[in-house]
Amino acid sequence: MAKTANLYARIEPDVKEQAEGILSALGIPASNAINMFYKQIILQRGLPFEVKMPASRLVDASVLSDAEMDAELEKGYADMKAGRTKSAKSAFADIRKDYGL
């Protein structure tokens, strides 16, 4: 029986580049990462992570027009005035939880 099998997949070039950059920094070849992923699928009997739509979409300030940026800032100011705020520690904890960081 063969010790390995080939896998061919089409991946967006920028996704491949970014992922392989991270894997390289970790010292993990892409083939090993894919093998680990497949083993986790087997162990979990499904995807090894939750697949769902995020509760809200993050705003990319770099693509907003001046009017859109002003509107976002007004929302933040209104939240602050209404007391809908949280500590930085709590906000960063939520971000780490929501994005698996």
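No value in this document is a laboratory result; all are computed from the given coordinates. In this text the structure is predicted, and so the values were computed from the model without any measurement. Glycine also receives a Cβ, built like all others from the backbone with ideal geometry; neighbour counts cover every protein chain displayed.
How do 21-31, 77-87, 6-16 rank on mean C-beta neighbours within 10 Å, highest first? All intermediate terms of the calculation are to be shown ahead of the outcome.
On the way: 21-31: 11.1, 77-87: 9.3, 6-16: 7.7.
Ranking, from highest mean packing down: 21-31, 77-87, 6-16.
How long is the gain from Tyr38 to Lys97 if the chain were fully straight, where each residue apart is worth 0.36 nm and the alpha carbon distance is subtracted? Walk me through the numbers before you get to the answer.
Working: separation 59, 0.36 × 59 = 21.24 nm, distance 2.40 nm.
So the extension gain works out to 18.8 nm.
If you compute semi-axes √(5λ) of the Cα gyration tensor in Å for the structure shown, which of (i) 40, 18, 13; (ii) 24, 17, 11; (iii) 29, 19, 10 do you land on?
(i)
Per 0.36 nm of contour for each residue apart, how much would the distance between Glu72 and Ala5 grow if the chain were fully extended, relative to their Cα-Cα spacing?
Details: separation 67, 0.36 × 67 = 24.12 nm, distance 5.05 nm.
So the chain would gain 19.1 nm between Glu72 and Ala5.
Can you tell me the orientation of helix 66-81 relative to the chain, as the angle in degrees between its alpha-carbon axis and the longest Cα principal axis, to the nearest 10?
Tilt of helix 66-81: around 70 degrees.
Cross-chain or 8 or more residues apart, Cα under 26 Å: how many lysine pairs in the chain fit that? Count them up, please.
So the count works out to 16.
Restrict the search to segment 1-95; then list the GluC sites (Glu not before Pro) that DSSP places in a loop and that have at most 12 other Cβ atoms within 10 Å of their Cβ. Walk me through the numbers on the way to the answer.
On the way: sites: Glu17, Glu20, Glu50, Glu68, Glu72, Glu74; in loops: Glu50.
Within segment 1-95, the qualifying GluC sites (Glu not before Pro) (loop, at most 12 other Cβ atoms within 10 Å) are Glu50.
Between Ser90 and Leu64, what length comes free when the chain is fully extended (0.36 nm per residue of separation minus the Cα-Cα distance, one decimal in nm)?
Values: separation 26, 0.36 × 26 = 9.36 nm, distance 2.66 nm.
Length gained between Ser90 and Leu64: 6.7 nm.
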